[in-house]
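Beneath this line is the structure, given in C-alpha cells, with notes to follow.
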Amino acid sequence: MVKTASSVIGFLHALLTTKWYWALLVALGIFMEGVALYYQYVVGDDPCQICIHTRIWVAAFTLLALLMCLLPRRKAVSIPGHLLCVTAMIGFWERCQYLLDVENGKGNGSCEFFLGFPDWFALDKWFPFLFEVRNLCGFTPEIFWGISMAQMLIVVAWSLIAVSLLALVLNISKL
C-alpha cells in the first residue's frame, strides 16, 4: 500500500513538473470549449453573459497552457506561468460560483446581452460564434443525473485550483 501511494505521488510530481501538465490543460480547455459549443449549437442552449465570461477564462488558461508548452522551461518563465495559471483558475471559479448563485436565485440579477468589453478587447465581435451573448442568465442545462452545468463547473473549477496550486508549489520546490 505504501509503495502504491508513493508511486502515485511520484507520478503526480513527474506530471505536474513537466510540459505534460500544460499539454493536458490545453486538451482540457479545448474539451471544455467543445462541450460548450456542443450545448450551444447542437442542443440549442444559447449562452448567457456569465457563460461567456466562463468561456473566456477557459480560453485564457488554455492559451496560457499552450504558450507554456512552447516556451523553454526556465525559472523566469515557469513560476510566472504557474502564478498566471492559478489566477486564471480563480477567475474561472469566481464566474462559475456566480453562475451557480444566479441559477439558485442568489445572484444580484445583473445579466445583460452584451459583454461590456472595450473596443480593443471585443471578443464578442471578433469571435461571435464562441463569445457572443445570446441568452439571459437564469439556468444551465442538466449534464447528467440531475447535475446542472453550473454545479459541474464548480467541481471542475475547485479541482483545477487545487491542481494548479499543487503544480505551483512543486515547481517552486523543484527549481
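Using 0.36 nm per residue, how much length does the chain from ARG134 to ILE147 gain when fully extended, once their Cα-Cα distance is taken away? Don't skip to the answer; put the middle values down first.
Working: separation 13, 0.36 × 13 = 4.68 nm, distance 2.28 nm.
Contour length minus the Cα-Cα distance gives 2.4 nm.
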Along the charge dipole of the chain, which of TRP57, SER7, TRP126 sits closest to the positive end, that is, farthest toward it, with unit charges on the beta carbon of Lys, Arg, Asp and Glu (+1, +1, -1, -1)?
SER7
Lys and Arg at +1, Asp and Glu at -1: neighbours of LYS125 with Cβ under 12 Å from its Cβ sum to -3
Tilt, helix 149-174 to longest principal axis of the chain (alpha-carbon atoms), in degrees rounded to tens, equals 30
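Computed FRET efficiency, Cβ-Cβ of ALA27 and THR87, R0 30 Å: what is it to the nearest 0.05?
On the way: r = 21 Å, r/R0 = 0.69.
That pair, ALA27 with THR87, gives E of 0.90.
In what order do THR62, THR54 fall by count of nearby beta-carbon atoms within 10 Å, going from fewest to most? Before the final figure, lay out each step's value.
Values: THR62 20, THR54 27.
In order of increasing Cβ crowding within 10 Å: THR62, THR54.
Express the relative contact order of the chain as a whole percentage, based on alpha carbon pairs under 8 Å and six or more residues apart in sequence. If you can, show how the numbers build up before the last one.
Working: 180 pairs, mean separation 51.5, N = 175.
Dividing the mean separation by the residue count of the chain yields 29 percent.
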Tilt of helix 75-103 relative to the longest C-alpha principal axis of the chain, in degrees (0 to 90, nearest 10)?
30
So what's the angle, to the nearest 10 degrees on a 0 to 90 scale, between helix 19-38 and the longest Cα principal axis of the chain?
20
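What is the magnitude of the charge dipole of the chain about its Cα centre, with +1 placed on the Cβ of each Lys and Arg, -1 on the Cβ of each Asp and Glu, and no other charges, expressed in debye to the nearest 20? It would help to have the intermediate numbers written out before the result.
Values: 11 positive and 11 negative charges, 219 e Å.
Approximately 1060 debye in magnitude.
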I need the P(r) histogram for the stretch 2-174: all alpha carbon pairs, bin width 10 Å from 0 out to the longest distance, whole percents.
10, 35, 32, 18, 5, 0
Within the stretch 32-70, list the residues whose amide N lies under 14 Å from a label point set 7 Å along Cα→Cβ of TRP126.
56-57, 59-60, 63-64
Could you work out the relative contact order of the stretch 1-102, using alpha carbon pairs under 8 angstrom and six or more residues apart, expressed as a whole percent?
31
Hits in the stretch 134-175: amide N under 17 Å from the 7 Å Cα→Cβ extension of ILE79, namely 165-175
Structure-based [θ]222 nm, the chain - -39500 (n - 2.57) summed over DSSP H runs of at least 4, per residue, nearest 500
-23000 deg cm²/dmol
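Bear in mind these aren't lab numbers, they're just calculated from the coordinates by the rules spelled out. If you're wondering where the values come from, they're calculated on a predicted model, not measured in any experiment. Positions of Cβ are generated from backbone atoms using ideal geometry, with glycine treated the same way; all protein chains shown enter the neighbour counts.
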